[in-house]
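Shown next, in structure tokens, is the structure this report addresses.
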Amino acid sequence: MSQPPPSILYCHCKYAQVVPKEVKDAVLRRLCESGVAFEAVADLCEMSARRDPALARLAQAGPVKIAACFPRAVKWLFHQAGAPLSPDQAEVLNMRTLTAEEIGTSLLAVDLHANLPVGKFAPSDQPTATSALA
Amino acid sequence: MSLSTPTLRILLYEGEGAQPLAAADRYAAISSLLEKGYAVTRSAADRPVAPADSSPMLVLGRFPGSPPDVAETDIPVHFHDITALAPAQLADLVETVRTDTGTAQHGAWKPWFPVIDYDRCTNCMQCLSFCLFGVYGVDGDRHIQVQNNDNCKTNCPACSRVCPEAAIMFPKYKAGPINGDLVSDADLQKEKMKVDISALLGGDVYAMLRLRSEKAKSRFSKERDSDKALAERQKCLIKLAAAGDIPPEVLMSLPSPEEIARRAEEAQAKAAAARGA
Ligand code: SF4
Ligand code: SF4
């Protein structure tokens, strides 16, 4: 049996104007018209801040294409929420720099071009017990 | 505001037992929910969506008869028929369910907080010592961590300017590399944008962080020259002001040398406690 295509995650960047509105609206419209399954979230940053368990279930769902912003930001937002993305299973499409057309086409393509920046930190290096400053 | 309240998961169901939505209606429904801060899963047979977890779930769909059966589960699942609902009414319905389930309200806080790139971070602790609002802490292995996101001052990227490695991002910032764009060599060279936190002290607080004996601490306090510290602090204020995007209330209340030293000691004590736990 062939592998299902990667799952799709769309970020609406609700609480800032850094993603052009016409780009994010056109990407969402294309997803809705395509009839595919996808996850749409209002604001990945907000989810990361609240360590929303949804990020863990999204990160653990296998290969994923994410329409959001810079891959470096998305990588560490997931990490900071305790839900690291697997570097070889995630492709981030940057709605701050790419066109809606480019993003829509890449999101719906079945092949995944993993593009998280890879550095010295291993995905398994998760924080240990915390000690907050008062 | 509590960031730990569970969130409501919304599933737009168009499978067996439900009538599919026209593309325009689907877009209108999902957009209206995103604009209210919700996350929506649109399921279909072509590819996977994230599996269920323990979050309360609201299933929306056009159900001509009774809603589809659900396999036995401990997750609270609510069904609503949305056949006759306009997008605005849909958002109202979801808000009612959110209140009834006691799940998180969205939009009360602009998600502005630092995100650390651990591929770059050297764990120097400058950000922890600098931040006025207790946003940073350390984990049990004394690694720097962002712990109190909602203490962060909205639109203030000051700590990203004190980080010597350009390791601190604010994804909603307007420009790179603070917004998460790649860090170039030129970015690292922009020393004029950086504020040397040790200059705030007229001494080396980081050496103190490493040397834990009482003797070392007393040497640190003797060596600190308060006039020099004040002059350096003023220089730092001017540099931050020149960056042009630090909120005035942050500029007005940069930590005193004593406050920075106190925070450094506190962080160290808490790290030791976390290690011993
Ligand atoms: S992850 Fe990027 S696109 Fe999404 S909310 Fe944060 S800044 Fe906006
Ligand atoms: S100032 Fe930068 S390098 Fe130093 S601990 Fe903070 S994030 Fe890491």
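Worth a mention:
- B:Thr122 vs. criteria open to solvent by 30 Å² or more (accessible area, probe 1.4 Å), hydroxyl-bearing (Ser, Thr, Tyr) and either at positive phi or assigned by TED's automatic domain parsing to the domain that holds B:Cys159 (or both): yes
- Filter result for B:His143 (more than 11 Å from ligand 2 (Cβ to nearest atom) and either within 24 Å of A:Cys11 (Cα to Cα) or open to solvent by 10 Å² or more (accessible area, probe 1.4 Å) (or both)): no
- Selection over segment A:15-37 of residues that are without any contact (Cβ under 8 Å) to a residue 60 or more places away in the chain, in contact with a strand residue (DSSP E or B) (Cβ under 9 Å, 6 or more places away or on another chain) and within 15 Å of ligand 1 (Cβ to nearest atom) gives a count of 1.
- Scanning segment B:94-110 for residues that are more than 14 Å from every other protein chain (Cβ to nearest Cβ) and loosely packed, with under 15 Cβ neighbours inside 10 Å turns up B:Thr96, B:Thr99, B:Asp100, B:Gly102.
- Some residue of segment B:151-163 being out of contact with any His (no Cβ under 8 Å at 6 or more places or on another chain), more than 8 Å from ligand 2 (Cβ to nearest atom), facing another protein chain (nearest Cβ under 7 Å) and not in a helix (DSSP H, G or I): no
- Restricting the first member to segment B:116-134 and to residues that are free of Cβ contacts under 8 Å to residues at least 60 places away in the same chain, and the second to residues that are of a type in the set (Ser, Thr, Tyr) and within 16 Å of ligand 1 (Cβ to nearest atom), the beta-carbon pairs closer than 9 Å and six or more apart or on different chains are B:Cys127/B:Ser160.
- In segment B:111-138, the residues that are closer than 23 Å to A:Ala54 by Cα and within 7 Å of another protein chain (Cβ to nearest Cβ): B:Pro111, B:Phe113, B:Val115, B:Ile116, B:Asp117, B:Tyr118
- B:Gly180 within 14 Å of ligand 1 (Cβ to nearest atom) and open to solvent by less than 20 Å² (accessible area, probe 1.4 Å): yes
- Among the residues of segment B:53-83, those identified as within 14 Å of chain A (Cβ to nearest Cβ) and either loosely packed, with under 15 Cβ neighbours inside 10 Å or out of contact with any strand residue (DSSP E or B) (no Cβ under 8 Å at 6 or more places or on another chain) (or both) are B:Asp53, B:Ser54, B:Ile75.
- Of all residues making up segment B:119-138, the number that are in contact with a His (Cβ under 9 Å, 6 or more places away or on another chain) and over 12 Å from B:Ile168 (Cα atoms): 0
- Flag set for B:Tyr136, criterion: under 25 Å from B:Pro247 (Cα atoms), at pLDDT below 95 and open to solvent by less than 30 Å² (accessible area, probe 1.4 Å).
- Restricting segment A:55-68 to residues that are in contact with an Asp or Glu (Cβ under 9 Å, 6 or more places away or on another chain) and open to solvent by 10 Å² or more (accessible area, probe 1.4 Å) leaves a set whose member that is modelled with the highest pLDDT is A:Pro63.
The values are calculated or read from the model by the stated rules, or taken from the named source; none is laboratory data. As the structure is a computational prediction, the values presented were derived from the model and not from experiment. When we count neighbours, we look across all protein chains shown, and the Cβ atoms used for this are built from the backbone with ideal geometry, even at glycine. Each accessible area value is taken on the protein alone, full model and side chains, heavy atoms only, with ligands, DNA and RNA left out. Shrake-Rupley method; radii C 1.70, N 1.55, O 1.52, S 1.80 Å.
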